[in-house]
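For reference, the structure is listed below as structure tokens.
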Amino acid sequence: MNVSVVGSGYVGTTVAACLADLGHRVTAIDIDTDIVETINSGETPIHEPGLAELVETHAGERLHATTDHATLRETDITFLALQTPSREDGSIDLGALEAGTRDVGEALAEKEGYHLVVVKSTVIPGTVEERLEPLLEEVSGKEAGEEFGIAVNPEFQSQGSAVADFMGPDKLVFGAEGERALDRLGELYEPLVADNDGIPIVETGRHEAMMVKYANNVFLAGKISLINELGNLCKEFGVDSYDVAEAIGLDERIGSQFLRSGVGWGGSCFPKDTDALRAAGREAGYEPELLDSVVAVNDGQPRRMLELLERHTDVEGRRIAVLGLAFKPGTDDIRGSRATLVIDELLDHGASVVAYDPVASDAMAEKFPDVEYVESAQAALADAHGALVVTDWDEFAVLDGEFDDMAQQIVVDGRRIVDPRDGMTYEGLTW
């Protein structure tokens, strides 16, 4: 099929490259000329395992990028994969998505035949019917359901494993009104279904499809906060929370995933989606008390790291190492990173912060330009009076002699990745 993807961020670039790998002809459309040139040169604008190889393989063949929205007239399906960032009150900002929708509508005004627009962006239920569909009708001059369709196909791609998540999904969710849109989505994903026998396909309404995305992320965020709350209690009782988690994970009603207690969740999805659902609930007249608690527990974890460190040393005026800046390993994304709150706390207490991350230092330097950024974990640990491990990069698991270079071997491990050693004062965050 001929597919266009509007927006070349984390979601859009991954979707475009993976659809090309499935055999479709894909046009990535973005207003940023640098991103367009990067993709057309066979490179990727983001760091995501496996993505660079796909872009390099298909650029110039089945994958092409452009700034010209008119090219979508030559395609059968257009995905909207534009960001919906959080406002200060937690609600989502639809500015970029509505601008992209307007551009799509202008292009469709000159197209003959039926066209399917698919919303990949994460939006609150009602957004399609109340905002996007009327906008498309107004700008294109066409009637929804007759000359074009608009469906919802939420993504469930985790950063650091987005390509694998797309190619081996646990479900496909199609939110559409009418068989025409469902049939076209089914045709698009047929190669993926053929490669993954037994993928559940959920065909539902657009409202429900939008809510599935939020419910999925908020449930996982809640599970993490619950295990962190339990981990904090285990710490107070001198109990190994990981032994407890291993045991309760054997209960199939609970499951073993997302039971690693630690410094909490971050990223571009969990914080934004949890805040958006809380804000939408309040606007509708419902107080989401449990979700408020989920966020409160998560926000408290980085502060606990500093409290544990200060049990053993005064951080004011001292060199303190922060290991890991990305919100999770496998990505350079610092959105929602727990390291941001950790660094904030350290600086507020007068520490001299030195930081290391394999790929995310440049991004964090834009936020904290006065922090010292170094090229290795060993350089960060040298002469430090304490170290806080925030991201569980594999290379931190093999650190050993590097700790000998510290002024004081005090390690607060937020991810249970460092092996304690003789001479080290080791504090697990929740164990």
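Of all the accessible heavy-atom surface of the chain, with the other protein chains kept in place and a 1.4 Å probe, what percent is carbon and sulfur?
Using a 1.4 Å probe with all protein chains present, the chain comes out at 46 percent carbon and sulfur.
Tabulate in residue order the Karplus-calculated ³J(HN,Hα) for region 235-252, using 6.51 cos²θ - 1.76 cosθ + 1.60 with θ = phi - 60°, rounded to whole Hz; enter x for Gly and Pro.
4, 5, 8, x, 9, 7, 5, 6, 5, 5, 4, 4, 6, 6, x, 6, 6, 4
Hey, rough spin-label estimate for ASP405 and ALA52, points 7 angstrom out along Cα→Cβ, what's it come to in nanometres?
For the pair ASP405/ALA52, the computed spacing is 2.5 nm.
If ligands, DNA and RNA are left out, what is the accessible area of HIS385 with a 1.4 Å probe, given in Å² to the nearest 10?
Here the accessible area works out near 50 Å².
How many angstrom lie between the C-alpha centres of region 52-90 and region 189-239?
The two parts, judged by their Cα centres, are 26 Å apart.
If you place +1 on the Cβ of every Lys and Arg, -1 on the Cβ of every Asp and Glu, and leave all else neutral, what size is the dipole of region 178-251 about its Cα centre, to the nearest 20 Debye?
Working: 6 positive and 14 negative charges, 83 e Å.
Rounded to the nearest 20 debye, it is 400 debye.
Quick one: which of LYS272/LYS367; LYS213/LYS235; LYS171/LYS328; LYS171/LYS223 span more than 29 angstrom between C-alpha atoms?
Values: LYS272/LYS367 19 Å; LYS213/LYS235 33 Å; LYS171/LYS328 23 Å; LYS171/LYS223 20 Å.
Checking Cα-Cα distances, LYS213/LYS235 exceed 29 Å.
In debye, nearest 20: dipole of the chain around its Cα centre with unit charges on the Cβ of K, R (+) and D, E (-)? Don't skip to the end; give the middle numbers.
Details: 33 positive and 82 negative charges, 137 e Å.
Using Cβ point charges on Lys, Arg, Asp and Glu, the chain gives about 660 debye.
Hey, could you grab the Kirkwood Rh for region 109-158? Inverse mean 1/r over distinct alpha carbon pairs, Å, one decimal.
Values: mean 1/r = 0.0855 Å⁻¹.
Roughly 11.7 Å, rounded to one decimal.
What's the angle, to the nearest 10 degrees (0 to 90), between helix 179-195's Cα axis and the longest principal axis of the chain?
50 degrees
Å³ per residue of the Cα convex hull, for region 237-348?
154 Å³
If you take the square roots of the eigenvalues of the alpha-carbon gyration tensor of region 32-171 and sort them as a ≥ b ≥ c, do you get rounded (a/c under 1.5), prolate (a/b over b/c) or oblate?
Working: a/c = 1.76, a/b = 1.29, b/c = 1.37.
Verdict is oblate for region 32-171.
Mind checking region 106-214 for trypsin sites (Lys or Arg not before Pro) that DSSP puts in a loop (not H, G, I, E or B) and that have at most 12 other Cβ atoms within 10 Å? It would help to have the intermediate numbers written out before the result.
On the way: sites: LYS111, LYS120, ARG131, LYS142, LYS171, ARG180, ARG184, ARG206, LYS213; in loops: LYS111, LYS120, LYS142, LYS171.
Taking region 106-214 and a limit of 12 other Cβ atoms within 10 Å, the loop trypsin sites (Lys or Arg not before Pro) found are LYS171.
Which listed residue (GLY113, GLY9, PHE166) has the Cα farthest towards the positive end of the charge dipole for the chain, taking +1 on Lys and Arg C-beta and -1 on Asp and Glu C-beta about the Cα centre?
PHE166
Per the Kirkwood treatment, what hydrodynamic radius in Å, one decimal, follows for region 341-431 from the mean inverse distance over all distinct Cα pairs?
Details: mean 1/r = 0.0739 Å⁻¹.
Computed over region 341-431, the radius equals 13.5 Å.
Mind jotting down a quarter of the surface of the convex hull over the alpha carbons of region 321-367, in square nanometres, one decimal?
Working: hull surface 11.6 nm².
For the Cα atoms of region 321-367, the hull's average projected area reads 2.9 nm².
Expected output is a single nm value to one decimal: the length gained when fully extending between GLU37 and LYS367, i.e. 0.36 nm times separation in residues minus the C-alpha distance. What is it? Before the final figure, lay out the partial values.
Details: separation 330, 0.36 × 330 = 118.80 nm, distance 2.67 nm.
Net length gain for the segment: 116.1 nm.
Rounded to the nearest whole Å², what accessible area per residue is found for region 1-149 with the 1.4 Å probe?
On the way: 6030 Å² over 149 residues.
On a per-residue basis, region 1-149 sits at 40 Å².
Rounded to the nearest 5, what is the percent of antiparallel bridges among the DSSP beta bridges in the chain? Walk me through the numbers on the way to the answer.
On the way: 2 of 48 bridges.
In the chain, DSSP labels about 5 percent of beta bridges as antiparallel.
In region 69-108, which trypsin sites (Lys or Arg not before Pro) fall in coil by DSSP and have 14 or fewer other Cβ atoms within 10 Å? Mind showing how you got there, number by number?
On the way: sites: ARG73, ARG87, ARG102; in loops: ARG87.
The qualifying sites are ARG87.
What is the magnitude of the charge dipole of region 33-189 about its Cα centre, with +1 placed on the Cβ of each Lys and Arg, -1 on the Cβ of each Asp and Glu, and no other charges, expressed in debye to the nearest 20? Let's see the in-between values first.
Values: 11 positive and 33 negative charges, 45 e Å.
Here region 33-189 has a charge dipole of around 220 debye.
Would you mind pulling out the separation of the Cα centroids of region 101-169 and region 317-386, in Å?
Measuring centre to centre over Cα atoms gives 39 Å.
Taking 1 over the mean of 1/r across every pair of different Cα atoms in region 1-80, what Kirkwood radius in Å do you get?
On the way: mean 1/r = 0.0847 Å⁻¹.
Taking the inverse mean of 1/r over all distinct Cα pairs, region 1-80 comes out at 11.8 Å.
Enter the per residue convex hull volume of region 183-258, computed from alpha-carbon coordinates, in Å³ rounded to the nearest integer. If you can, show how the numbers build up before the last one.
Values: hull volume 9.0 nm³, N = 76.
Enclosed volume per residue, from the Cα hull, is 119 Å³.
In region 391-431, with Lys and Arg counted as +1 and Asp and Glu as -1 at Cβ, which of these residues, VAL412, THR391, TRP431, has the Cα nearest the positive end of the dipole, that is, farthest along it?
Going by the charge dipole, the pick is TRP431.
Going by amide H atoms built from the backbone, whose H comes under 5 Å of the H on ALA151, apart from near neighbours?
Placed amide hydrogens put VAL117, VAL118, VAL119 under 5 Å from ALA151.
DSSP loop GluC sites (Glu not before Pro) in region 38-96 with at most 13 other Cβ atoms within 10 Å of their Cβ, which ones?
Values: sites: GLU43, GLU53, GLU56, GLU61, GLU74, GLU88; in loops: GLU43, GLU61, GLU88.
Passing both the DSSP loop test and the Cβ count: GLU43, GLU61, GLU88.
Please pull out the direction-averaged projected area of the chain, using the convex hull of its alpha-carbon atoms, in nm² to one decimal place. Write out the running numbers ahead of the final one.
Working: hull surface 86.2 nm².
Averaging across all directions leaves 21.5 nm² for the Cα convex hull.
How much of the DSSP bridge set in region 86-183 is antiparallel, in percent, rounded to the nearest 5? Write down the numbers at each step before the final one.
On the way: 2 of 8 bridges.
Roughly 25 percent of the beta bridges in region 86-183 run antiparallel, per DSSP.
How are the C-alpha pair distances of region 93-138 spread across 5 Å bins, as whole percents from the shortest bin up?
Values per bin, smallest distances first: 5, 20, 36, 24, 11, 4, 0.
I want to verify a result. In a Gaussian network model of the chain, Cα cutoff 10 Å, which of these has the top mean-square fluctuation: ASN196, ASN153, ASN40?
Among ASN196, ASN153, ASN40, the largest mean-square fluctuation in the Gaussian network model of the chain belongs to ASN196.
Take the Cα radius of gyration of region 118-195 and divide it by 2.2 N^0.38 Å, with N its residue count; two decimals is plenty. Intermediate results must be reported in sequence, preceding the final value.
Numbers: Rg = 14.2 Å, N = 78, 2.2 N^0.38 = 11.5 Å.
Normalised by 2.2 N^0.38 Å, the Cα Rg of region 118-195 equals 1.23.
Could you order the peptides 293-304, 365-376 from most to least packed, using the average number of other C-beta atoms within 10 Å per residue? Don't jump to the answer; show the numbers that get you there.
Values: 293-304: 19.1, 365-376: 13.7.
Averaged packing, sorted descending, gives the order 293-304, 365-376.
Mind checking which lysines have their C-alpha under 24 Å from LYS142, skipping anything on the same chain fewer than 8 residues away?
In chain and number order, the partners are LYS111, LYS120.
The values are calculated or read from the model by the stated rules, or taken from the named source; none is laboratory data. Being a predicted model, the structure only gives us computed values, none of them experimental. Backbone-built Cβ (ideal geometry, glycine too); neighbour counts: all protein chains shown. We work out accessible area using only protein heavy atoms, side chains counted, and drop any ligands, DNA or RNA first. Shrake-Rupley method; radii C 1.70, N 1.55, O 1.52, S 1.80 Å.
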